[in-house]
Amino acid sequence: MADGDEDIPRDAKIVKTLLKSMGVDEYEPRVVNQFMELWYRYVVDVLTDAQVYSEHAGKGAIDCDDIKLAIQSKVNFSFSQPPPREVLLELAHNRNKIPLPKSLAPGIPLPPEQDTLINPNYQFAIQKRQPEQAVVEADEDEEIADPNSNPSQEQKTQLPQNTPQRVSFPLGSKRTR
């Protein structure tokens, strides 16, 4: 061990020894602390799960079987197992049966525009505002309005001005094909 290793905790010495045994000679000092934090968190999670399993089984204390079960459940839920090699080979064989489309244009074929990230994907709702002069004229027209006129027809002309107008913008320039 290097000089100054006498002052570090035993767990940090173990992490350093593990790194050295794996051929890692150069690393930042914070790496040891990060590995220790990960190690402690994992141990606490496993022991907490083991305690839950022990209490569920009605035992007074945690035993080896509870710890094995906690580790196995962590492995099953934390890490996913890849499918068997035969399954992957069969999927690849079936997928490779379909030939790729012939490219008419030189260069890299691009996906349809609706499948790209530069396709418009949002809209703004813009309220149409009436100019103040138009509002004043409308108020005067209501006072002078013919009593025989239909008020619902006047309201219908007012509605389109208050409804939002939807506008979308492309995120990138249009490509020529």
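No lab work stands behind these numbers, since they all come straight from the coordinates. As the structure is a prediction and not an experimental result, all values here were calculated from the model. Cβ sites come from the backbone with ideal geometry, for glycine too, and all protein chains shown count toward neighbours.
Side notes on the structure shown:
- The slack in the chain from Lys59 to Arg30, taken as 0.36 nm per residue of separation less the alpha-carbon distance, amounts to 6.4 nm.
- Residue exposure sequence - Val31, Val46 - by fewest surrounding Cβ within 10 Å: Val31, Val46
- Simple spin-label estimate for Leu89 and Lys68 in nanometres, 7 Å along Cα-Cβ: 3.4
- Local electrostatic count, His93, Cβ distance below 13 Å [Lys/Arg +1, Asp/Glu -1]: +1
- Counting beta carbons within 10 Å around each of Phe77, Phe35 and listing the fewest first gives the order Phe77, Phe35.
- Applying a threshold of 31 Å to the alpha-carbon distances of Lys74/Lys97; Lys20/Lys59; Lys16/Lys68 flags Lys74/Lys97; Lys20/Lys59 as lying beyond it.
- Vicinal HN-Hα couplings computed from phi for the stretch 106-112 (Karplus, 6.51 cos²θ - 1.76 cosθ + 1.60; Hz; Gly/Pro x): x, x, 7, x, 9, x, x
- Note on Met22 and Leu110: their simple-model spin labels are 4.3 nm apart, each label 7 Å out from Cα toward Cβ.
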